[in-house]
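Have a look at the structure below, then the notes.
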């Protein structure tokens, strides 16, 4: 078993991949208009997206407020309200079970992005433009489509 990188649910993310995705997520926060020292909450289990979100948030000097998936809807609402969270990163299932019923009581919460590596990659590329100021060669688009077919989970997105 490799020591470098993160291993979760039979997926291995190399250190450079985690660093790259964390940087992309930091760019997503900037593009969404989340200012420095504003709070970003996570409501995730232990998955690669959690590490990407945590490292990207800290890298961009935002304040991280982790929430545990074991919390019920009312404790989640209280922590989001008291923590003055502006962004919540969670899965669709956790959002529906823990946040949706109290969403109207959280006026400061602006954004709720879904935690999916493929989605975060797409959002990061679309919001901040091409990396390095030039468009990606067609070869990388083919690789991304092939990666989505083979590695991305097959479930509908409803965010």
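When peptides 49-55, 18-24, 31-37 are ranked by their average number of other Cβ atoms within 10 Å per residue, the highest-first order is 49-55, 18-24, 31-37.
Residues 94, 58, 88, arranged from fewest to most other Cβ atoms within 10 angstrom of their Cβ, appear as 58, 94, 88.
Taken together, the values in this text are just the output of simple stated rules run on the coordinates, not laboratory data. It should be emphasised that the depicted structure is a prediction, and the values quoted were computed from it without experimental measurement. In this analysis, Cβ positions are derived from the backbone assuming ideal geometry, glycine residues included, and neighbour counts consider all displayed protein chains.
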